[in-house]
Amino acid sequence: MDWHPYRSMLLLRVRSLANRLGESLLIIPAVMVLGAVLLELTVSRLDRILEPRSLPGFLRLSSEATVQLLSTIAGATITTVGVVFSLLVVSMQLASGQFSPRVLHTFFRERLGKVVVGLLTAVFTYCVLALRALPENLESTPTAVPHLTVDVAVLLTLVSVIALVLYLHRIARRQYVGSIIASITEETVGQVDAICRMRRHLPPREPPDVSGLGPPLVVSAQVSGWVQQVNTTGLLAAIPPGSVLRLETRVGAFLAKGIPLATLWPRPPRGETVGRAIQASLAVGDRRTTRQDVDFGLRQLSDIALRSLSPAVNDPTTAIEVVVRMATILRPLLLTELPPQVRVADNGSVLLQPWDLDHAEYVRHAFEQLRVYAAPHPQVAIALVRSLRMLWEAVEGADRLGTQRELERQLDLTLQGCERAPLLPADLEAVREAAMHAQNPLRQLAPPNAPVVH
């Protein structure tokens, strides 16, 4: 029995589960609370079986002070947990309203906030269990005061305070739009690098003729949602040798339940089993993720720029930064060969992915909406046309005719939009001048006659 397709499907499920757990607000606090329970049981046992004088002690409190200290720490920490959750919710609301709802996943993946909540909850749990474990006759037997338990509670409190201060510093910096844009850019560039590494081992192939392979098997989607990941290795391993599988969707596309997901030639004997294996090779969720989806990173940046150019926000500087970041992503993406849409396995199986985005479509998705709203803002339009011109010259010698045509189209449409926008003649002339020559799009951010680093 060939376990390779099942191993590939299991790997896909593990990655999807890891992605969901990485955005969960409950996993890290739950693990830390469990650790606090085990720690309290261990420390309480040491307090009972060891001599009090043999234990290192920082605080030597009376029985009454011990109860009061543990009660105060428990009450303060559980109150602070509510404050931290409130800060997290407020920061996400501000980011959603000011930037884009699609950037919230960066806040859900913020590990420090989860650690702070988990640490505070763990300290609360530890102190409550320590109070429960105190002997009833503690006042009459001062030697029974659990000094080690109290010392550990104080130490955990100090660590919680330090972590809380770091979190407040982090969340304040996190609201800075430049940090959000840089985080999205870094994550997207990482996916571009993954495409470059994948392309080195995949030579281009010609699509086969499926007209003579007989009636196909059409596999339908069982759930609705966004295609988050596609395991191409699992798809090739799931179909019989010599078969041709055409994927009718792509990463980042939305699937509706019941629509065709894939078409397989010829129809295999065990169609239901093969169909389930094909469905299991795709991860479908209720939201898009950046994993395998460069287009989603461009979508997030575009949304931030569109929001910044709205009359309610009116922040063209943010839009200029987005344009520069988009050029940072698109330049290496346009210069690398994308994974081929035809893949052939060693056993002769063929996978067709005709719906995958090409270079021209990436350019269109990045600038199609942005150029419309940038037209009334001359500084944003200048940054946009300079970036388009820079990208055009970057791919000029890389055999990217279709990409160059799309860049020229976006450039022409941007100029037409500026001509119809209520711009001053001098501003319109500046936009036209920028479109004629390749310049660093950061030049306009510097004062006149200032040197520009290339």
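The values are calculated or read from the model by the stated rules, or taken from the named source; none is laboratory data. None of the values given here were measured: they were computed from a predicted structure. Neighbour counts run over all protein chains shown; Cβ positions are idealised from the backbone, glycine included. The accessibility values were calculated without ligands, DNA or RNA, using every heavy atom of the protein model including side chains. Shrake-Rupley method; radii C 1.70, N 1.55, O 1.52, S 1.80 Å.
Taking region 352-409 as the search range and keeping residues that are of a type in the set (A, V, I, L, M), touching a helix residue (DSSP H, G or I) at 6+ places or on another chain (Cβ under 7 Å) and within 27 Å of E206 (Cβ to Cβ), which one is surrounded by the fewest Cβ atoms within 10 Å (Cβ to Cβ)?
A398
I need the full set of residues from region 316-362 which are among the hydrophobic types (A, V, I, L, M, F, W, C) and over 25 Å from the mean Cα position of the chain (by Cα), in order please.
Residues satisfying the conditions are V342, V344, A345, V350, L351, L352.
Of the residues that make up region 86-109, is at least one modelled with pLDDT of 80 or more and either touching a helix residue (DSSP H, G or I) at 6+ places or on another chain (Cβ under 9 Å) or within 30 Å of T185 (Cβ to Cβ) (or both)?
Within region 86-109, one or more residues are modelled with pLDDT of 80 or more and either touching a helix residue (DSSP H, G or I) at 6+ places or on another chain (Cβ under 9 Å) or within 30 Å of T185 (Cβ to Cβ) (or both).
Checking T414 against (1) free of Cβ contacts under 8 Å to residues at least 12 places away in the same chain; (2) assigned to a helix (DSSP H, G or I), which test does it fail?
Here T414 clears every test but (1).
Looking at region 175-188, can you tell me whether even one residue there is within 29 Å of V123 (Cβ to Cβ) and either open to solvent by 40 Å² or more (accessible area, probe 1.4 Å) or over 28 Å from the mean Cα position of the chain (by Cα) (or both)?
Yes - at least one qualifying residue is present in region 175-188.
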